[in-house]
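Worksheet: one structure, shown below.
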Amino acid sequence: MEAIGVLMLCPMNSYLEQELDKRFKLFRYWTQPKQREFLAQQAESIRAIVGNSNSGADADIIDSLPKLEIVSSFSVGLDRIDLLKCKEKGIRVTNTPDVLTEDVADLAIGLMLAVLRRICECDKYVRSGAWKLGDFKLTTKFSGKRVGIIGLGRIGLAVAERAEAFDCPINYYSRSKKANTNYTYYGSVVELASNSDILVVACALTPETTHIVNREVMDALGPKGVLINIGRGPHVDEAELVSALVEGRLGGAGLDVFEKEPEVPEQLFGLENVVLLPHVGSGTVETRKVMADLVLGNLEAHFSSKPLLTPVV
Amino acid sequence: MENVGVMMTTPMSAYLEQQLQQRFTLFKLWESSSRTQFLTRRADSVNAVVGDTKIGADSELIDSLPRLEIVSTYSVGLDKIDLDKCRERGIRVTNTPDVLTDDVADLAIGLALTTLRRICACDAFVRSGSWRNGDFQLATKFSGKSVGILGLGRIGSAIAKRAKAFGCTIGYHSRTKKQITDYMYHSNAVDLAANCRILFVACSLTDETRHIVNREVIDALGPGGVLVNVGRGALVDEHELVSALCEGRLGGAGLDVFENEPHVPELFFELVNVVLLPHVGTDTVETSNTMADLVVANLECHFLKKPLLTPVI
């Protein structure tokens, strides 16, 4: 398959890059100084795109590549891909579901514990020598707190399973009520927020779910409530989030994603009731290797005319 | 009961102080310039001692209080109390078991997650602006890892229950083998460490368990292993722990306790694979109030000649 042109949109994983280089003819989009010209030149060679949560196959790129057959995303999220256009043109799309579910759910719980128990602040307190002068202040118990989950898909369910072991009552909002769960369903995100101590964003990003966590939702969550975002930055109205936190209308936040990564609102840096992570939800050695193998596996299946492993379209 | 004299050893809780002040004649040991000075004036008036993890009731103190009837500790740990002496003198002892179990277990899992997923280092990475220059390095997955628990008492069992929800396999070492068939028993700490990736220390500190985590155990845990200590600093040979971490013979550590609190070996401060907390295992608003209520209730029961709520002796 060394003649097959694969376009990698950004540097996402050296192992994946190496393997793509070995097995296909790899084009590294981010090294091209003149991207439009590059696409025009290589239009006949590129048959596959590999993207991720930062860079995906949008309408422009798809239109410039007439020989494009498959988009294989190094992510489970599809918000960067123009799915309609792919469907129209018969382009296959694959992602990396399941293999990263545990890591993302683990991080959600890690964020809840870090925010409520002020783990990072405490660690800084010790390292600064402040402990010699006095004890750290009291924080907030996690066990037993009501956890509200927006989106009860794979990741949402995995968060729920973990939180249950801490005796947290589980509430959720979803497009439709789920049949096989004992968790408490709420028909709106505002109601969910009003009845939860911790609100977790775990749904897919679509035009409908953009800013699903808005000012009304944050006010309902309230001055003792904590928001955890492990979905996508645009799920939350970031400007409203910053005001709510700075003004004390929201109790705290654990954020792995932001509207314009890697930009993070600097007003958050001075707050001790937030934990800010650089989109590391699936960022473990173990999981990225499995994700990479899944991307490679899907591409090889496609070009060998075998069934795709994790097709979306 | 103002004729009852209660001596608090440290300013452990403002709420507890208030509650004791309302009901008894309260003496605050820390307000005297020296223990000797305090004892000279008040020794005969003290009927009860309320201690904590910093200052309890050692042999010397007990000997100097001829009217002492009960020691009620604001902790579940008893390592700061001379239990033999209390038995000799017929002095009752109570502690605060159960009410703090969840908080300590929560923190243990929080330490494991923040250490393996580098949550504090990631947060610092974002706040420093470094994310603009590139992604954070890959961390280590928590879910599914083999967990070892030293001491399968209330806290150890609560840690196990939580870890299971993350798909972890559970091994343990305890003085006696438990009936639980789900967890794998190991007859000694070295075997336990050799068979797990994350070792949680959750046993009580006694003469037998001092430095139970020694060089041999640390080496068995190894460069891929992580130690989490929510027990007592003296359970771990701190000197060996520091060398092992600095030399890369141990993968990481999450520590809430140290041999000589509040002093923490400064060599730890240079390490990114450790999380250091200022003994905050039970320091939430919710739990500290519940612990205080239990201390007060035990004292009231004693002086009203009712059965103690949580007697040790």
Task: Leading residue by the ranking (surrounded by the fewest Cβ atoms within 10 Å (Cβ to Cβ)) among those in segment A:122-172 that are in contact with an Asp or Glu (Cβ under 8 Å, 6 or more places away or on another chain), at the interface with chain B (Cβ under 7 Å from one of its Cβ atoms) and of a type in the set (D, E, K, R) - done: A:D135
Open item on the list: Whether any residue in segment A:287-300 is crowded, with 18+ Cβ neighbours inside 10 Å, on the phi < 0 side of the Ramachandran plot and within 9 Å of chain B (Cβ to nearest Cβ) is what I want to check.
Closed with: yes
Open item on the list: Cβ contacts < 9 Å: first residue outside the structural domain of A:A105 (by the TED database), restricted to segment A:135-161; second residue crowded, with 20+ Cβ neighbours inside 10 Å and acidic (D, E), any location; separation 6+ or different chain. Result?
Closed with: none
Open item on the list: Looking at the structure I just gave you, is B:L308 surrounded by fewer than 23 Cβ atoms within 10 Å (Cβ to Cβ) and more than 25 Å from B:F125 (Cβ to Cβ)?
Closed with: yes
Open item on the list: Can you list residue pairs whose Cβ atoms sit under 8 Å apart, with the first residue in segment B:128-155 being more than 7 Å from chain A (Cβ to nearest Cβ) and the second being part of a strand (DSSP E or B) and open to solvent by 20 Å² or more (accessible area, probe 1.4 Å)? Count only pairs 6 or more apart in sequence or on different chains.
Closed with: B:S146/B:T169; B:V147/B:T169; B:G148/B:H173; B:I149/B:H173; B:L150/B:H173; B:G151/B:H173
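In segment A:1-29, what residues are in a loop (DSSP other than H, G, I, E, B) and in contact (Cβ under 8 Å) with a residue 24 or more places away in the chain? First the steps, then the outcome.
Keep residues of segment A:1-29 that are in a loop (DSSP other than H, G, I, E, B), which gives A:1-4, A:9-13, A:24.
Listed by number, the residues that qualify are A:M1, A:I4, A:L9, A:C10, A:M12, A:N13, A:F24.
Yes/no per residue for (1) within 13 Å of chain B (Cβ to nearest Cβ); (2) in contact with a strand residue (DSSP E or B) (Cβ under 8 Å, 6 or more places away or on another chain):
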| site | (1), (2) |
| --- | --- |
| A:I228 | yes, yes |
| A:L241 | no, yes |
| A:A244 | no, no |
| A:V257 | yes, yes |
| A:L268 | yes, yes |
| A:V280 | yes, yes |
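Sort out which residues of segment B:1-54 are assigned to a loop (DSSP other than H, G, I, E, B) and of a type in the set (F, W, Y), and write them in order of number.
Listed by number, the list holds a single entry, B:F24.
Report yes if B:S204 is free of Cβ contacts under 8 Å to residues at least 40 places away in the same chain, out of contact with any Phe, Trp or Tyr (no Cβ under 8 Å at 6 or more places or on another chain) and away from chain A (no Cβ under 14 Å), otherwise no. Steps first, please.
Values: free of Cβ contacts under 8 Å to residues at least 40 places away in the same chain: no; out of contact with any Phe, Trp or Tyr (no Cβ under 8 Å at 6 or more places or on another chain): yes; away from chain A (no Cβ under 14 Å): yes.
It is false that B:S204 is free of Cβ contacts under 8 Å to residues at least 40 places away in the same chain, out of contact with any Phe, Trp or Tyr (no Cβ under 8 Å at 6 or more places or on another chain) and away from chain A (no Cβ under 14 Å).
If only one of B:V71, B:V104 is touching a strand residue (DSSP E or B) at 6+ places or on another chain (Cβ under 8 Å) and surrounded by 17 or more Cβ atoms within 10 Å (Cβ to Cβ), which one is it?
On the way: B:V104 fails: touching a strand residue (DSSP E or B) at 6+ places or on another chain (Cβ under 8 Å).
None of the other options fit; the residue is B:V71.
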- [ ] Scan segment B:242-256 residue by residue and report those that are assigned to a loop (DSSP other than H, G, I, E, B) and open to solvent by less than 10 Å² (accessible area, probe 1.4 Å).
- [x] B:L250, B:D256
Open item on the list: Scan segment A:215-230 and tell me whether some residue there is open to solvent by less than 10 Å² (accessible area, probe 1.4 Å), in contact (Cβ under 8 Å) with a residue 40 or more places away in the chain and over 30 Å from B:L100 (Cβ atoms).
Closed with: no
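Anything in segment B:274-296 that is touching a strand residue (DSSP E or B) at 6+ places or on another chain (Cβ under 9 Å) and within 8 Å of chain A (Cβ to nearest Cβ)? List them, or say none. Spell out how you get there, then give the answer.
So in segment B:274-296, the residues touching a strand residue (DSSP E or B) at 6+ places or on another chain (Cβ under 9 Å) come out as B:274-277, B:280, B:283-285, B:294-296.
Listed by number, the residues that qualify are B:V275, B:L276, B:L277, B:V280, B:D283, B:T284, B:V285.
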Open item on the list: Give me the residue from segment A:81-121 that is touching a helix residue (DSSP H, G or I) at 6+ places or on another chain (Cβ under 8 Å), more than 14 Å from chain B (Cβ to nearest Cβ) and not polar (S, T, N, Q) and, out of that set, nearest to A:E286 (Cα to Cα).
Closed with: A:P97
TODO: Would you confirm whether any residue within segment A:38-52 is crowded, with 22+ Cβ neighbours inside 10 Å, small (G, A, S), under 22 Å from A:A292 (Cβ atoms) and touching a residue at least 40 places away in the same chain (Cβ under 8 Å)?
DONE: yes
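The values are calculated or read from the model by the stated rules, or taken from the named source; none is laboratory data. Keep in mind the model is a prediction, meaning the values are calculated, not measured. Positions of Cβ are backbone-derived with ideal geometry, glycine not excepted, and every protein chain shown enters the neighbour counts. Please note that ligands, DNA and RNA were not included when accessible areas were found on the heavy atoms of the full protein model with its side chains. Shrake-Rupley method; radii C 1.70, N 1.55, O 1.52, S 1.80 Å.
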